[in-house]
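Undergrad: Encoded as structure tokens, here's the structure I'll be asking about.
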Amino acid sequence: MLPLGLGLALFFAIHLLPTQTAMRDGLKARLGSGTYMALFSVLSLIALGVIVYGYQKLQLHPGKNPILWTPPSWAKHITFLLMIPASIFLVAAYVPSRIRTALKHPMLIAIKTWALAHLIANGDLGGVVLFTSFLLYAVYDRISLKSRTDGQGPLGAAKGGLQGDIIAVIGGLAFYAFMMLWGHQNLIGKALIAVPALH
């Protein structure tokens with residue numbers, strides 16, 4: 001549980017910093033905007049890596065990850081269904097489109113959908129800690145955006161049309177298929193569906 005906890009602490013320490021505009025602006029002025037963003041990105045990737053490693057380690061050693069409650073058998077199907085829009089929203093955060101314009105903050109909606117979907121199907125301690133943490137972070141960040149003027153995401157005020165919608169949907173579905181068939185098993189350590197071996 002320690003690696004997961006350390007990864008979450010680092011990730012949220014980094015991502016809660018932008019909600020404190022005075023502190024963030026002070027660091028940008030001291031370091032320079034480019035250096036600040038570079039450090040933000042590098043530390044975020046490191047934190048995500050530690051989170052993935054910590055959660056994967058818990059999946060491989062269930063004795064260190066007690067079960068708090070047992071989800072019903074149908075819960076995973078709801079999770080699979082919810083992850084389709086979550087994947088599309090994730091891609092939409094980086095593609096100028098009508099989807100992005102309508103959602104305003106597709107990344108945070110993607111995180112909330114992802115976290116809620118996984119809470120439905122995971123009753124282990126590590127899963128509850130991981131997904132509840134991200135759900136609370138996304139809710140807090142969304143509330144904080146109401147009093148901030150810099151919360152438009154990586155694309156700023158850029159808008160797009162039908163082409164952007166198509167890219168977001170196709171990209172999201174491609175990411176969903178990748179995670180279902182390969183990514184979740186190899187990154188998280190838990191296969192979602194059985195894929196027959198090629199001979």
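The values are calculated or read from the model by the stated rules, or taken from the named source; none is laboratory data. No experiment lies behind these values; they were computed from the predicted model shown. Note that we place each Cβ from the backbone using ideal geometry, even for glycine, and neighbour counts take in every protein chain shown.
Undergrad: Mind counting the residues in segment 1-31 that are outside any helix (DSSP H, G or I) and modelled with pLDDT of 90 or more?
TA: 0
Undergrad: From the list S33, S44, which one is under 21 Å from A138 (Cα atoms) and not aliphatic (A, V, I, L, M)?
TA: S44
Undergrad: For the condition surrounded by 13 or more Cβ atoms within 10 Å (Cβ to Cβ), modelled with pLDDT of 95 or more and among the acidic types (D, E), what is the one hit in D141, D165?
TA: Testing whether each residue is surrounded by 13 or more Cβ atoms within 10 Å (Cβ to Cβ), modelled with pLDDT of 95 or more and among the acidic types (D, E) leaves just D165.
Undergrad: Another question, if that's okay. For residues that are buried (at least 16 other Cβ atoms within 10 Å of the Cβ) and either over 17 Å from A115 (Cα atoms) or in contact with a Pro (Cβ under 9 Å, 6 or more places away or on another chain) (or both), tally how many sit in segment 60-75.
TA: Final tally of qualifying residues: 1.
Undergrad: Hey, A102 hits all of (1) surrounded by fewer than 19 Cβ atoms within 10 Å (Cβ to Cβ); (2) more than 16 Å from the chain's Cα centre (by Cα); (3) of a type in the set (A, V, I, L, M); (4) under 26 Å from M1 (Cβ atoms) but one; which does it fall short on?
TA: With (1) surrounded by fewer than 19 Cβ atoms within 10 Å (Cβ to Cβ); (2) more than 16 Å from the chain's Cα centre (by Cα); (3) of a type in the set (A, V, I, L, M); (4) under 26 Å from M1 (Cβ atoms) applied to A102, the lone miss is (4).
Undergrad: Please state which of the following conditions I78 fails to meet, knowing it meets all the rest: (1) farther than 22 Å from A177 by Cα; (2) surrounded by fewer than 16 Cβ atoms within 10 Å (Cβ to Cβ); (3) of a type outside the set (F, W, Y); (4) touching a helix residue (DSSP H, G or I) at 6+ places or on another chain (Cβ under 7 Å).
TA: Unmet condition: (1).
Undergrad: If only one of A115, A121 is out of contact with any Cys (no Cβ under 6 Å at 6 or more places or on another chain), in the same structural domain as L90 (by TED's automatic domain parsing) and at pLDDT 95 or above, which one is it?
TA: A115 is the lone residue from the list that is out of contact with any Cys (no Cβ under 6 Å at 6 or more places or on another chain), in the same structural domain as L90 (by TED's automatic domain parsing) and at pLDDT 95 or above.
Undergrad: Same structure, new question: Have a look at A174, A158, A102 and point out the one that is over 22 Å from A13 (Cα atoms), small (G, A, S), modelled with pLDDT of 95 or more and outside the structural domain of Y53 (by TED's automatic domain parsing).
TA: After ruling out the rest, the residue left standing is A174.
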